[in-house]
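Peer 1: Take this structure first; my questions come after.
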Amino acid sequence: MLGDVHEQPGRLAFRQIVVRNALYASLVSLKRRILQERVVDRLTREPSTDSALRDTDVDVLLGEHAELLERREVAADAFERAANRSSETAAFAGAAELYLRAAAQLPSSDPRWVPLLRHAIRCYRNLADWKRIRTVAQSLLERLDRTEHAADIAAVLEDLFFAHINDGDR
């Protein structure tokens, strides 16, 4: 893989550029993963004192890095906190997307999964985004057990009905 460099005695170089590029690419991804792990560890251990970063931004950053590292619980918690803050400030579009990202990190059997999607539907309802309500409601209905989640199914059906009526001014 390595050979002597004629112009510089004592130095070695890759004989094939493809091998060098592959090695560099693998090192870069390993270094990126190590840096992401450090970011997640730091953000979970130490709350931000930087006034330039709002808590929502820190939680989104934490969620994104945890998501890349496949630390799903940490990512779901961070996205949910950020979504709650966005919802409190009436930033419903961002909140809905963060609720969906949080739910995507959890299995549908998790007790938080349905409430996260219901929160997303509520945000879309505040925005009058009927198409997105229909999409989320239909995915919820496909995954919910009829006996275990009867009350949730009734609420989702109501949202779906309301979205169908309001979409297209019917």
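The values are calculated or read from the model by the stated rules, or taken from the named source; none is laboratory data. Computed from a prediction, not measured in an experiment: that's the story for all the values here. In this analysis, Cβ positions are derived from the backbone assuming ideal geometry, glycine residues included, and neighbour counts consider all displayed protein chains. Calculation scope for accessible area: heavy atoms of the full protein, side chains included, ligands and nucleic acids excluded. Shrake-Rupley method; radii C 1.70, N 1.55, O 1.52, S 1.80 Å.
Peer 1: Check whether at least one residue in the stretch 18-38 is open to solvent by 80 Å² or more (accessible area, probe 1.4 Å), more than 15 Å from the chain's Cα centre (by Cα) and modelled with pLDDT of 80 or more, and report yes or no.
Peer 2: yes
Peer 1: Testing P47 on (1) modelled with pLDDT under 75; (2) in a helix (DSSP H, G or I); (3) open to solvent by 70 Å² or more (accessible area, probe 1.4 Å); (4) in contact with a helix residue (DSSP H, G or I) (Cβ under 9 Å, 6 or more places away or on another chain), one condition comes back false. Which one is that?
Peer 2: Among (1) modelled with pLDDT under 75; (2) in a helix (DSSP H, G or I); (3) open to solvent by 70 Å² or more (accessible area, probe 1.4 Å); (4) in contact with a helix residue (DSSP H, G or I) (Cβ under 9 Å, 6 or more places away or on another chain), P47 violates only (2).
Peer 1: In the stretch 150-159, how many are under 16 Å from H119 (Cβ atoms) and open to solvent by less than 60 Å² (accessible area, probe 1.4 Å)?
Peer 2: Going through the stretch 150-159 one residue at a time, the tally reaches 4.
Peer 1: Related question: How many residues are open to solvent by 60 Å² or more (accessible area, probe 1.4 Å) and assigned to a loop (DSSP other than H, G, I, E, B) when one looks only at the stretch 61-107?
Peer 2: 5
Peer 1: When the residues of the stretch 111-121 are narrowed to those that are free of Cβ contacts under 8 Å to residues at least 24 places away in the same chain and assigned to a helix (DSSP H, G or I), which ends up surrounded by the most Cβ atoms within 10 Å (Cβ to Cβ)? Before you say what the answer is, go through the steps one by one.
Peer 2: Kept after step one, since they are free of Cβ contacts under 8 Å to residues at least 24 places away in the same chain, are these residues of the stretch 111-121: 111, 113, 115, 117.
Then keep just the ones that are assigned to a helix (DSSP H, G or I); that gives 113, 115, 117.
On the way: W113: 20, P115: 14, L117: 25.
Applying the filter and picking the extreme gives L117.
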